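Below: the structure, in structure tokens.
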Amino acid sequence: MPIIVGGMGVDISTSALSLEAARLGGIGHISDAMVPTVTDRRFNTKYVKNKLQQYKFNVENSDKSVVKFDLGLLAEATALHVGKTMEAKRGPGMIFINCMEKLTMNSPKETLRVRLKAALDAGIDGITLAAGLHLGSFALMEDHPRFRDAKLGIIVSSLRALQLFLKKSARTGRLPDYVVVEGPLAGGHLGFGMDWAQYDLATIMAEIRAWLQAEQLDIPLVAAGGVFTGSDAVGFRKWVQVPCRWLPASP
């Protein structure tokens, strides 16, 4: 089923919602944004409480340079969130995780590496690279045994962003399995400024599709943003990503 439930963070795209999408044959996303908070809610862990205790002396300080992620605990929380979701998966669909590039603190490269590899370790079907250009993200996980097995995709809002990603990732010898193209009506972290109204999803999709064909690159495109009805979805051909429309049905 060519419908993807987008990966909205802080447990808006819940595990239950992603599982239902997979059961029906589509693709459901969870997110690794604020995973310690999500696992505290789901599994009664105490990651946030313990971290607050550790850095309580610095709560009122605007300088957060001393605050760091405990990468071991971050991997542990990701393993819980992803692992338990994958254990519960039924049906012919898949479950991906949305991974924002800039969700880091003081050690961005190592933090991102841990998040990506922990999701792969926990058996996620695929990773969608979001909220950033992710120019080095493929390299961070190319030594993982599932690097060429799991589905890996990138979210872009322009042809230029996709070209930069493909150029920087070329040395890994791996193309993305799909590209999510977000227009100005998509939610989340978009690559548009105050001139957003001058752009539209159909035009961006057509530009990217034409370039891929010219370069003889067979990468599926997923339309995201402004897809509100079945007619909208048909107009974009094949795959669409629709996050917000499913929120009222989210358990």
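The values are calculated or read from the model by the stated rules, or taken from the named source; none is laboratory data. Predicted model, so just to flag it, every value in this text is computed and none were measured. Every residue, glycine among them, receives a Cβ derived from its backbone with ideal geometry; neighbour counts consider all protein chains shown. Keep in mind that these areas ignore ligands, DNA and RNA; they rest on the heavy atoms of the full protein, side chains included. Shrake-Rupley method; radii C 1.70, N 1.55, O 1.52, S 1.80 Å.
Per DSSP H run of at least 4 residues, take -39500 (n - 2.57); add these up for the chain, divide by its residues and hand me the 222 nm value, nearest 500 deg cm²/dmol.
Using -39500 (n - 2.57) per qualifying helix, the result is -11000 deg cm²/dmol.
Would any residue of segment 82-119 have its amide N under 20 Å from a label point 7 Å out along Cα→Cβ of Tyr55? List them or say none.
100-116
Would you mind working out the accessible area per residue for segment 86-199, using a 1.4 Å probe, and quoting it in Å²? All intermediate terms of the calculation are to be shown ahead of the outcome.
Numbers: 5250 Å² over 114 residues.
So segment 86-199 comes to 46 Å² accessible per residue, rounded to a whole number.
Provide the net charge surrounding Arg113, with neighbours chosen by a C-beta distance below 15 Å and charges set as Lys +1, Arg +1, Asp -1, Glu -1.
Working: positive: Lys68, Lys102, Lys109, Arg115, Lys117, Arg146; negative: Asp32, Asp70, Glu101, Glu110, Asp121, Glu142, Asp143.
Charge balance near Arg113 sits at -1.
Relative to the present Cα-Cα distance, how much length would full extension add between Thr203 and Asp177 at 0.36 nm per residue of separation?
Details: separation 26, 0.36 × 26 = 9.36 nm, distance 2.18 nm.
Contour length minus Cα-Cα distance gives 7.2 nm.
With a 1.4 Å probe and every protein chain kept in, tell me what percent of the accessible surface of the chain is carbon plus sulfur.
Values: 7170 of 12660 Å².
Accessible surface attributable to carbon and sulfur in the chain totals 57 percent.
Want the number for Val66 to Glu215: 0.36 nm per residue separation, take away the alpha-carbon distance, what's left?
Taking Val66 through Glu215 to full extension adds about 49.0 nm, to one decimal.
Roughly how many nanometres apart are two label points built 7 Å out from the Cα toward the Cβ at Met1 and Arg90?
1.4
For the charge dipole of the chain, defined by +1 on Lys and Arg C-beta atoms and -1 on Asp and Glu C-beta atoms about the Cα centroid, which residue among Gly188, Ala210, Ser31 has the Cα displaced farthest towards the positive pole?
Of the candidates, Ser31 comes out farthest on the positive side.
Give me the number: length gained by fully extending Ala139 to Val48, i.e. 0.36 nm times residue separation minus the C-alpha to C-alpha distance, one decimal in nm. Can you show the working numbers first?
Working: separation 91, 0.36 × 91 = 32.76 nm, distance 3.01 nm.
Full-extension gain reported as 29.8 nm.
Where nothing but the Cβ of Lys and Arg (+1) and of Asp and Glu (-1) is charged, how large is the charge dipole of the chain around its Cα centre, in debye to the nearest 20?
Numbers: 29 positive and 24 negative charges, 93 e Å.
With only Lys, Arg, Asp and Glu charged at Cβ, the dipole is about 440 debye.
Under 5 Å between amide H atoms, partner at least 5 residues away or on a different chain: which partners does Met100 have, H built in plane at 1.01 Å?
Asp32, Ala130
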